[in-house]
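Below is one structure, written out as structure tokens, with a few remarks after it.
The values are calculated or read from the model by the stated rules, or taken from the named source; none is laboratory data. These numbers come from a predicted model, not from an experiment. Note: ideal-geometry Cβ built from the backbone for every residue, glycine included; neighbour counts use all protein chains shown. The area values use the complete protein model at the heavy-atom level, side chains included, leaving out ligands, DNA and RNA. Shrake-Rupley method; radii C 1.70, N 1.55, O 1.52, S 1.80 Å.
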Protein chains: 4
Amino acid sequence: MARVVVDVMLKPEILDPQGQAVANALPRLGVSDVASVRIGRRIEIEFTGEPDLDRAREIADKLLANPVIEDYEVRLGEQPESADKSS
Amino acid sequence: MARVVVDVMLKPEILDPQGQAVANALPRLGVSDVASVRIGRRIEIEFTGEPDLDRAREIADKLLANPVIEDYEVRLGEQPESADKSS
Amino acid sequence: MARVVVDVMLKPEILDPQGQAVANALPRLGVSDVASVRIGRRIEIEFTGEPDLDRAREIADKLLANPVIEDYEVRLGEQPESADKSS
Amino acid sequence: MARVVVDVMLKPEILDPQGQAVANALPRLGVSDVASVRIGRRIEIEFTGEPDLDRAREIADKLLANPVIEDYEVRLGEQPESADKSS
């Protein structure tokens, strides 16, 4: 099994009101050194065999992101938790 | 400016119907070697000064993730796009 | 064409940190009479023929909601915007 | 306590890949009479006193929706579950 990660974020010029809400809530936690918060999506795709970045890009284009308002990035992920971490 | 990234995913034992929908749609794209798709959130926090991982963890605990159903991971992010990439 | 609307909300006993963030940001807007904010999903399903509430429930069960942590409600929607609104 | 509901949907001309994924997954459930699926957000705001639609609109404008890509609708909600439903 091999994991591919797709990060999808609104384009920088598109307002993100949910991130804005988090940023506006920070002073009440005593946090004053945060300039901005942006909330996007992280998608983990597990391939049964070899990880396929081209396939993942095609999936992102059609089912995960709207290229008019969002940017995405596809990359090999760390191994799934089920991987043997010992020895 | 320094970026901290918070990745929030549903715990592995919690069903993710939105990811399931994407997985179920893949055969129509001719994709048959994907075992699972999980959809979470990626949050980018820009600090005005030094990046503060402890602060980011506190923000995640209170405003970004529900620890009963979600796991999160906090890490230093790559530099924001506005960084000078030349030279 | 007929629309069915599925409203999906986290169960009341499940913490909603994104709604909490919005609630915490309200005092800065001068709003002090809000007790809570909860953020869920609204899904609009357009049927080509008769609206089918049983079908919509099946879709919700399998692809839209996680019944362990979410409640959903299925109902006939108002007519899509494409409907002729003039008399 | 009084509930105001804010429904936020992507504008009709904006592609919704998550809804598209659900629509594409339907044939595998044996569903063939769905023309489209759109996924938006439903926000429930509980006011401590009188429900305030103008306030809710201001909150939606600033913290819940991005008016460039989303439409929203504000309306009085049904009573919260905590309301006495008997007699």
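Values computed for the structure shown
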{"quantity": "Average partner coverage of A:62-74, which counts Cβ from other chains inside 10 Å", "calculated": "5"}
{"quantity": "Label distances, nm, D:ASP71 versus same residue in remaining copies, Cβ-directed 7 Å point", "calculated": "2.9, 3.0, 4.1"}
{"quantity": "GNM top mover of B:LEU64, B:LEU15, B:LEU53 - chain B, alpha-carbon springs below 10 Å", "calculated": "B:LEU15"}
{"quantity": "Nearest beta-carbon to the B/A symmetry axis - residue in chain B, distance in Å", "calculated": "B:ARG42, 2"}
{"quantity": "Protein accessible surface hidden between A and B, which excludes ligands and nucleic acids, total in Å², probe 1.4 Å", "calculated": "2900 Å²"}
{"quantity": "Label point 7 Å beyond Cα along the C-beta direction, distances from B:PRO27 to other copies (nm, shortest first)", "calculated": "1.0, 5.4, 5.5"}
{"quantity": "Position C:LEU15, label points 7 Å along Cα→Cβ, spacing to each other copy in nm (shortest first, one decimal)", "calculated": "2.5, 3.0, 3.8"}
{"quantity": "Placed amide H near D:VAL34: partners under 5 Å, 5+ positions off or other chain", "calculated": "C:THR48"}
{"quantity": "Residue of C:GLY19, C:GLY30, C:GLY49 that the Gaussian network model of chain C assigns the largest fluctuation, springs spanning Cα pairs under 10 Å", "calculated": "C:GLY30"}
{"quantity": "For chain A, built as a Gaussian network whose Cα springs stay under 10 Å, the top-fluctuating residue of A:ARG55, A:ARG28, A:ARG38", "calculated": "A:ARG28"}
{"quantity": "Helix-only mean residue ellipticity at 222 nm for chain C, each DSSP H run of n ≥ 4 adding -39500 (n - 2.57), per residue, nearest 500", "calculated": "-5000 deg cm²/dmol"}
{"quantity": "Members of C:LYS11/D:LYS62; A:LYS11/A:LYS62; B:LYS62/D:LYS11; B:LYS11/C:LYS11; B:LYS11/D:LYS62; A:LYS11/C:LYS62 lying beyond 28 Å, as alpha-carbon distances in this model show", "calculated": "B:LYS62/D:LYS11; B:LYS11/D:LYS62; A:LYS11/C:LYS62"}
{"quantity": "Number of partner chain Cβ atoms within 10 Å, mean per residue of C:50-59", "calculated": "3"}
{"quantity": "Phi to ³J(HN,Hα) by Karplus 6.51 cos²θ - 1.76 cosθ + 1.60 over region C:60-66, Hz, x for Gly, Pro", "calculated": "4, 4, 9, 10, 10, 9, 9"}
{"quantity": "Cα pair distances of chain A binned at 5 Å [whole percent]", "calculated": "3, 13, 19, 15, 13, 12, 11, 9, 4, 1"}
{"quantity": "A:LYS11-C:GLU78 pseudo-label distance in nm [points 7 Å out on the Cα-to-Cβ vector]", "calculated": "3.0 nm"}
{"quantity": "For the protein assembly as shown, average projected area of the Cα convex hull in nm²", "calculated": "21.7 nm²"}
{"quantity": "Under DSSP loop assignment and at most 12 Cβ neighbours within 10 Å, longest GluC sites (Glu not before Pro)-free interval of chain C", "calculated": "C:14-77"}
{"quantity": "Pairs of Cα atoms farther than 15 Å apart, region D:17-59, %", "calculated": "59 percent"}
{"quantity": "Cα centroid separation - region C:56-78 against region C:32-50, whole Å", "calculated": "11 Å"}
{"quantity": "Peptide D:27-35, shielding by other chains (average Cβ, 10 Å cutoff)", "calculated": "6"}
{"quantity": "Accessible surface of chain D [probe 1.4 Å, protein heavy atoms]: carbon and sulfur percent", "calculated": "49 percent"}
{"quantity": "Within chain B: Cβ-based charge dipole about Cα centre, in debye rounded to nearest 20 (Lys, Arg +1; Asp, Glu -1)", "calculated": "320 debye"}
{"quantity": "Whole-Hz couplings from phi, Karplus 6.51/-1.76/1.60, listed for region A:18-30; x for Gly and Pro", "calculated": "5, x, 4, 4, 4, 4, 5, 7, 5, x, 5, 8, x"}
